[in-house]
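The values are calculated or read from the model by the stated rules, or taken from the named source; none is laboratory data. Bear in mind the structure is a predicted one, so any value in this text is a computation, not a measurement. Positions of Cβ are generated from backbone atoms using ideal geometry, with glycine treated the same way; all protein chains shown enter the neighbour counts. The protein model used for the area step is the full one, side chains on, heavy atoms only, and it has no ligands, DNA or RNA in it. Shrake-Rupley method; radii C 1.70, N 1.55, O 1.52, S 1.80 Å.
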Amino acid sequence: MGFLPGTVLAQVSVAFDAAEKPIAFGVGKIEEALQKSGQKINKSNLTASRSKANIVIEVIPDGAKVALQKEGFSVAYEGKTLVVTALDPVGAMYGALHVAEQLQMGKTWQAVSREKVNPHLTVRALKFNLPWSSYRQGPAMEVHQEVTRDLAFWQTFLDQMAENRFNVLSLWNIHPFSFMVKPTNFPEANNFSLKEMEEWKQFWTTLFRMAKERGVEPYIVNWNIAVSPEFAQAYGVLERNDTSEIVKRYTREVVTQVINEYPDLAGIGITLADWMSNFKSEGAALPDMTPKDREDWVEETVIAGIKAASRPVKLLHRSVLSADPKEMRRVINNANLPDTTLVEIKFNWSHGHSTPTLALTHDSHSGQRDDGYWNPIPDNYRIQWMVRNEDFFILRWGQPDFIRKHIAQNVAPYVNGYFVGSEGYIPAKDFSHAENKHRTWDYAFEKQWLFYQLWGRLLYDPATPDAVFEAAFNNRYANEVGQPLLQAYAAASQMPLRLASFYNATWDYTLYSEGFLAPFPANGGYYDDVSSFISIEELIDHPTLDPAYISIADYVQATVAKESIPSNRLSPLALADSLEADSKNVQQLVRQLRFNASPTLSCELDDLETWAYLSSYFADKLRAGVALQTYQLSQNKAQQAKAVKLLTRCLAHWRKLSAITAKHYQEVPYIHGYISRGNAYKDAERFSWAKYLPQVEHDIILAKEAKAAMTVGEGR
C-alpha cells in the first residue's frame, strides 16, 4: 500500500515483554497487519507503559480466574484498552496472532472480537523427514539437501508453524546423531572435519533456538538399531540390526551427549521395530527379536541415555510393526520420566487422508487395531494419531470438514494430539513446478499453505470458522475470492480421500491417490504386476478400507444375486454420483473465478480443475467397473458396451487433466530402489499424469476383450 508524502500515519501503542521471543514474534505480525492498513506501531515495555497502551499483551501467573490453560489465550477490553492474556508466552503469542489476523480481515484494533480459546489438543506436530541418512532414498529425497541446510528455509517454515499453531517439529532420519556431535568415545562415528562439525553444530543450535522462539518444540526421531556407515566400518559392526554391546553403548552415550550439547532440543523419538530384526537386508543370520527384546533395547539405550543426561527431555515412542502394548507400558513405567511420553500410532497406516474411521493401524504386520495401547487409559503417556500423507504431493489440497470430523471422531481421553506429514515427500524444494513468472513462492510448503493452515488451526481449535480460511485467500489475492475458492477446494479435495477410502492400502507406495497409482499390492485383491496405474481389473477386485464402502466385486455379486444392499453401506455407483457432483461444482466455481484472475490464482484454479477431472475419471471408472463386472457375471453384452463407452469417457477426462498439469508441472522422481518387489512399480520411478495415458487407453482394450463368466484377472 502506498501513501502520499507528508501523510501522518495513525499510531497504535502495544505494550508487551520484548524479552519473551514468542510474544515478540506475535507482535511482529501485529505490526505487519497495522502497516498494511496504513498505521504505525509504537512498541513499549509492559511494566512501564501498560496503563497508556492501546493493546496490552501479558502473561499472568494464575489463570484460575480466567479459566485459561497452557497455550490458551483470552482477548478482552479493559475500558478502551485491548488486553491479550495468557498463562505462558506461547499462549500470548497465539493471542497476538489472533489480533493480527483480525486486523488483516479489515477490523480496527478497537473492533477485535473478544475471545477465550484453549487448545483442543496439546500436541500439534509436523513430521519432517530429513534428506541426509534418509529412510526413503533416491532423487526425490536428495533434491532437498541444499534447501534443508539453509536456515532461511527453516525460518520461513517455523514462521508458518507458529502462525498455524503447530507446536512440535519432529525431524526424522535413520541415524541423526552422527550429524549432531563428534561422539566422545567413538570419534570415528563420522568423518566430518572440525570445521564441518562446527557448521553442523551451528545449524542445529540455530534451528532449535528458532523453533523455541516460536513456541515450537523440536524433536529428533531415528529408525532404531542403526549406526552410520563410518561407525560400522571403523568399529567392525553392521549398519543395521546389530545388537552388540559396542552399538548399545554407543547409542546410549550419543543420546546423552546430544541432549547435553543442545539445550533447546525438546525431545528424542524412537521408532520401534525398523531394523530390530524386521528388515534384514544385512545381517540376515541375526536372531529374531521379540517385542520384549525390542523394548529392552529401547530401555537400555535411548531411555538410559535420556536419564543420564544433565537435563530432562521428552520421549516419543512410536508404535509400529511387531509391538506389544504390555511391554511398552512396562518400559515407560520403568523410565518414570517427568513429562508425559508421546506414543504415536499411524492412523490407517500410511494413508491417513482417507476415511476418518480408524480401520488400520501399524502396530502389527496385519494392521489390526490393538486397543491395549489405550485400554486401560495410561497415566504417563498419551496417544497421538499420525495422519500420514502419501497421496498428494503436487496438487494443492484443503478440506476443512474432513479434519473437523476426524478430530471429533477420534479424540478421546487417551489422545492428546496429532502428527501430520509424509515419508516419501519433503515439503522443501518445489521441484515439481516449472519455473515461470506466476510462481511466487520459494518453497513447496508455501504452495501447500492451505494444507498446513487447515491442519494446524483446526487441531488448535476445531471451531475455527471457514471465514478465517476464506480471509486468507482474500489477503493473498486482494479480492473477494475466499468463499468460492474454499468451497471449490472442499469439493475438489474429496477425490483423494474417497479413493484412499475405497482402495484399501497399507504402506507408503501401495497407493498414490493424485496419480491414481498403486505401485505395490496391499490387502488382497487382483494385482496385475503390469503397471503402477490402477487398472479397471484392479479397481473391480480390490477390498475397501472404509467399512461403509462396498467394493465393485461385492456390490455386483450382491446385485446379480438380487441381494439387498444395507442402507448404511455406500455403493460404488453412489460414490460415483458424489464424485461427479463434486466435479461439476468445482468446474462451475473455477469458471466463475477465472474472470480477471491473476497468474498465480490461475495456477491454483488449474489444480482445482485437475482434481475435478480426476473426480470425473474416478466416477466413470467406478461405473465402468460395475458394468464390466456385471457383464462378466451375467453375460449381458450391453453391459460390456456400457463399460467400453464409460472407459472412453475416462480417456477424455485423463487427456484433459494431462493437458492442464503439463502447463505447470514437470515429470518428477517418485519411487526409487525397489528392485526385488515385482515389476509394476517401475513405471513410477518418475511421475507425470500424461505418462499414464497408454494405461488409461489399455483399460478400454481390457473391457473389449473381457470374457463373460470369468473371474477378474483370470488368464491375464
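Across the range 585-605, which residue is nearest to Ile660 (Cα to Cα) among those that are open to solvent by less than 40 Å² (accessible area, probe 1.4 Å) and hydroxyl-bearing (Ser, Thr, Tyr)?
Looking at residues that are open to solvent by less than 40 Å² (accessible area, probe 1.4 Å) and hydroxyl-bearing (Ser, Thr, Tyr), I get Ser602.
List the number of the failed condition for Thr648; all other conditions in (1) closer than 30 Å to Ile550 by Cβ; (2) open to solvent by 50 Å² or more (accessible area, probe 1.4 Å); (3) assigned to a loop (DSSP other than H, G, I, E, B) hold.
Going through (1) closer than 30 Å to Ile550 by Cβ; (2) open to solvent by 50 Å² or more (accessible area, probe 1.4 Å); (3) assigned to a loop (DSSP other than H, G, I, E, B) one by one, Thr648 breaks only (3).
Which of the residues that make up the range 182-215 are open to solvent by 50 Å² or more (accessible area, probe 1.4 Å) and of a type in the set (A, V, I, L, M)?
Within the range 182-215, just Leu194 meets the criteria.
Specify which of the listed residues (Trp374, Trp385) is open to solvent by 10 Å² or more (accessible area, probe 1.4 Å) and among the aromatic types (Phe, Trp, Tyr).
Being open to solvent by 10 Å² or more (accessible area, probe 1.4 Å) and among the aromatic types (Phe, Trp, Tyr) holds for just one of Trp374, Trp385, which is Trp374.
Answer with yes or no whether Glu580 is of a type in the set (Asp, Glu) and within 28 Å of Trp441 (Cα to Cα). Give the derivation first.
Values: of a type in the set (Asp, Glu): yes; within 28 Å of Trp441 (Cα to Cα): no.
For Glu580, the condition - of a type in the set (Asp, Glu) and within 28 Å of Trp441 (Cα to Cα) - is not met.
Which of the residues spanning the range 19-37 are touching a strand residue (DSSP E or B) at 6+ places or on another chain (Cβ under 7 Å) and either farther than 21 Å from Ser74 by Cβ or modelled with pLDDT under 95 (or both)?
Hits for the range 19-37 are Glu31, Leu34.
Considering only the range 682-707, how many residues are under 23 Å from Gly625 (Cβ atoms) and either part of a helix (DSSP H, G or I) or within 29 Å of the chain's Cα centre (by Cα) (or both)?
As a first pass, look at the range 682-707 and keep what is under 23 Å from Gly625 (Cβ atoms): 683-684, 689, 691-707.
From what is left, the residues that are either part of a helix (DSSP H, G or I) or within 29 Å of the chain's Cα centre (by Cα) (or both) are 683-684, 689, 691-705.
Looking only at that region, the number is 18.
Any idea how many residues of the range 450-480 are assigned to a loop (DSSP other than H, G, I, E, B) and either under 16 Å from the mean Cα position of the chain (by Cα) or at pLDDT below 95 (or both)? Give the derivation first.
Residues of the range 450-480 assigned to a loop (DSSP other than H, G, I, E, B): 461-465, 478-480.
Retained after the next criterion (residues that are either under 16 Å from the mean Cα position of the chain (by Cα) or at pLDDT below 95 (or both)): 478-480.
Here the count works out to 3.
Condition test on Pro413, is it open to solvent by 20 Å² or more (accessible area, probe 1.4 Å) and not in a loop (DSSP other than H, G, I, E, B)? Spell out how you get there, then give the answer.
Details: open to solvent by 20 Å² or more (accessible area, probe 1.4 Å): yes; not in a loop (DSSP other than H, G, I, E, B): no.
Against the criterion (open to solvent by 20 Å² or more (accessible area, probe 1.4 Å) and not in a loop (DSSP other than H, G, I, E, B)), Pro413 does not qualify.
Table: residues versus (1) in contact (Cβ under 8 Å) with a residue 24 or more places away in the chain; (2) within 24 Å of the chain's Cα centre (by Cα).
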| position | (1), (2) |
| --- | --- |
| Glu163 | yes, yes |
| Phe166 | yes, yes |
| Ser170 | yes, yes |
| Asn173 | yes, yes |
| Glu188 | yes, no |
| Leu194 | no, no |
| Arg209 | yes, yes |
| Ser228 | yes, no |
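Which of the residues spanning the range 552-594 are of a type in the set (S, T, N, Q) and either in contact with a Gly (Cβ under 8 Å, 6 or more places away or on another chain) or not in a loop (DSSP other than H, G, I, E, B) (or both)?
So in the range 552-594, the residues of a type in the set (S, T, N, Q) come out as 557, 559, 564, 567-568, 571, 578, 583, 585, 587-588, 592.
If the condition is that a residue be of a type in the set (S, T, N, Q) and either in contact with a Gly (Cβ under 8 Å, 6 or more places away or on another chain) or not in a loop (DSSP other than H, G, I, E, B) (or both), then Gln557, Thr559, Ser578, Ser583, Asn585, Gln587, Gln588, Gln592 are the ones that fit.
Testing Ser532 on (1) closer than 19 Å to Gln632 by Cα; (2) touching a strand residue (DSSP E or B) at 6+ places or on another chain (Cβ under 6 Å), one condition comes back false. Which one is that?
Of the numbered conditions (1) closer than 19 Å to Gln632 by Cα; (2) touching a strand residue (DSSP E or B) at 6+ places or on another chain (Cβ under 6 Å), the odd one out for Ser532 is (1).
Let me spell it out: the conditions are (1) within 17 Å of Gly352 (Cα to Cα); (2) at pLDDT below 95, and Phe402 meets all of them except one. Which number is the exception?
Status for Phe402: all satisfied but (2).
Show the residue pairs that are 6+ apart or on different chains and have beta-carbon atoms under 8 Å apart, the first residue being within the range 618-640 and closer than 10 Å to Ala553 by Cα and of a type in the set (S, T, N, Q), the second being open to solvent by less than 10 Å² (accessible area, probe 1.4 Å) and at pLDDT 95 or above.
Matching pairs, first to second residue: Gln629/Ile540; Gln629/Ile552; Gln629/Val556; Thr630/Val556.
Name the residue, out of Gly72, Gly95, Gly91, that is open to solvent by less than 20 Å² (accessible area, probe 1.4 Å), within 19 Å of Thr122 (Cα to Cα) and touching an Asp or Glu at 6+ places or on another chain (Cβ under 7 Å). Show your work before the answer.
On the way: Gly72 fails: touching an Asp or Glu at 6+ places or on another chain (Cβ under 7 Å); Gly95 fails: touching an Asp or Glu at 6+ places or on another chain (Cβ under 7 Å).
Among Gly72, Gly95, Gly91, only Gly91 is open to solvent by less than 20 Å² (accessible area, probe 1.4 Å), within 19 Å of Thr122 (Cα to Cα) and touching an Asp or Glu at 6+ places or on another chain (Cβ under 7 Å).
Taking the condition in contact with a helix residue (DSSP H, G or I) (Cβ under 9 Å, 6 or more places away or on another chain), open to solvent by 40 Å² or more (accessible area, probe 1.4 Å), of a type in the set (S, T, N, Q) and on the phi < 0 side of the Ramachandran plot, does Thr440 pass? Step through it out loud before you land on a result.
On the way: in contact with a helix residue (DSSP H, G or I) (Cβ under 9 Å, 6 or more places away or on another chain): yes; open to solvent by 40 Å² or more (accessible area, probe 1.4 Å): yes; of a type in the set (S, T, N, Q): yes; on the phi < 0 side of the Ramachandran plot: yes.
Spelling it out, Thr440 is indeed in contact with a helix residue (DSSP H, G or I) (Cβ under 9 Å, 6 or more places away or on another chain), open to solvent by 40 Å² or more (accessible area, probe 1.4 Å), of a type in the set (S, T, N, Q) and on the phi < 0 side of the Ramachandran plot.
Would you be able to tell me the number of residues in the range 254-271 that are in contact with a helix residue (DSSP H, G or I) (Cβ under 7 Å, 6 or more places away or on another chain), within 17 Å of Phe128 (Cβ to Cβ) and open to solvent by 10 Å² or more (accessible area, probe 1.4 Å)?
Final tally of qualifying residues: 1.
Hey, any hits in the range 607-616 for a residue that's in contact with a Leu (Cβ under 9 Å, 6 or more places away or on another chain), charged (D, E, K, R) and crowded, with 17+ Cβ neighbours inside 10 Å? Walk me through it before giving the result.
So in the range 607-616, the residues in contact with a Leu (Cβ under 9 Å, 6 or more places away or on another chain) come out as 607-616.
When the remaining residues are screened for being charged (D, E, K, R), the result is 607, 609.
Cutting the leftovers down to crowded, with 17+ Cβ neighbours inside 10 Å gives us 607, 609.
Yes, that holds for at least one residue.
Identify all residues within the range 416-437 that are outside any loop (DSSP other than H, G, I, E, B), over 29 Å from Asn118 (Cβ atoms) and open to solvent by 10 Å² or more (accessible area, probe 1.4 Å); write none if there are none.
Lys429
Which of the numbered conditions does Phe393 fail, given that it passes all the others? Conditions: (1) out of contact with any Gly (no Cβ under 8 Å at 6 or more places or on another chain); (2) open to solvent by 10 Å² or more (accessible area, probe 1.4 Å); (3) part of a loop (DSSP other than H, G, I, E, B).
Answer for Phe393: the failing condition is (1).
For the range 553-560, check the following and say yes or no: at least one residue is open to solvent by 10 Å² or more (accessible area, probe 1.4 Å) and among the aromatic types (Phe, Trp, Tyr).
Yes - at least one qualifying residue is present in the range 553-560.
Output the residue which, of all residues in the range 131-181 that are part of a helix (DSSP H, G or I) and closer than 20 Å to Trp223 by Cα, is most open to solvent (accessible area, probe 1.4 Å). Give the derivation first.
Start the filter on the range 131-181 by keeping residues that are part of a helix (DSSP H, G or I), which leaves 139-142, 145-148, 151-163, 177-179.
Of the ones still in play, those that are also closer than 20 Å to Trp223 by Cα are 140-142, 145, 148, 177-179.
Values: Ala140: 10, Met141: 5, Glu142: 110, Gln145: 73, Thr148: 0, Phe177: 6, Ser178: 5, Phe179: 37 Å².
So, considering only residues that are part of a helix (DSSP H, G or I) and closer than 20 Å to Trp223 by Cα, the one most open to solvent (accessible area, probe 1.4 Å) is Glu142.
Among what's in the range 227-241 and is at pLDDT 95 or above and open to solvent by less than 20 Å² (accessible area, probe 1.4 Å), pick the residue that is farthest from Val168 (Cα to Cα).
Selected residue: Ala232.
Restricting attention to the range 408-430, report how many residues are touching a Gly at 6+ places or on another chain (Cβ under 9 Å) and over 12 Å from Leu121 (Cβ atoms).
Looking only at that region, the number is 1.
Take the residues in the range 337-351 that are assigned to a loop (DSSP other than H, G, I, E, B) and in contact (Cβ under 8 Å) with a residue 40 or more places away in the chain; name whichever of them is most open to solvent (accessible area, probe 1.4 Å).
Keep residues of the range 337-351 that are assigned to a loop (DSSP other than H, G, I, E, B), which gives 337-340, 347-351.
Retained after the next criterion (residues that are in contact (Cβ under 8 Å) with a residue 40 or more places away in the chain): 337, 340, 347-351.
On the way: Leu337: 35, Thr340: 69, Phe347: 0, Asn348: 0, Trp349: 20, Ser350: 0, His351: 3 Å².
Selected residue: Thr340.
Among the residues of the range 485-519, how many are open to solvent by 10 Å² or more (accessible area, probe 1.4 Å) and outside any helix (DSSP H, G or I)?
Residues that pass the stated criteria total 3.
Applying the selection to the range 526-544, what residues are more than 16 Å from Val626 (Cα to Cα), open to solvent by 10 Å² or more (accessible area, probe 1.4 Å) and of a type outside the set (D, E, K, R)? First the steps, then the outcome.
In the first step, residues of the range 526-544 are kept if they are more than 16 Å from Val626 (Cα to Cα); the result is 527-533.
This time we only want the ones that are open to solvent by 10 Å² or more (accessible area, probe 1.4 Å), so: 527-530.
Result: Tyr527, Val530.
Quick check on the range 43-57. Is at least one of its residues open to solvent by 10 Å² or more (accessible area, probe 1.4 Å), more than 29 Å from the chain's Cα centre (by Cα), among the aliphatic types (A, V, I, L, M) and modelled with pLDDT of 95 or more? Break it down into steps so the answer makes sense when it comes.
Kept after step one, since they are open to solvent by 10 Å² or more (accessible area, probe 1.4 Å), are these residues of the range 43-57: 43-52, 54.
Applying the additional criterion that residues be more than 29 Å from the chain's Cα centre (by Cα) yields 43-52, 54.
So of that shortlist, the ones also among the aliphatic types (A, V, I, L, M) come out as 46, 48.
Filter again for modelled with pLDDT of 95 or more, leaving none.
No, every residue in the range 43-57 fails to be open to solvent by 10 Å² or more (accessible area, probe 1.4 Å), more than 29 Å from the chain's Cα centre (by Cα), among the aliphatic types (A, V, I, L, M) and modelled with pLDDT of 95 or more.
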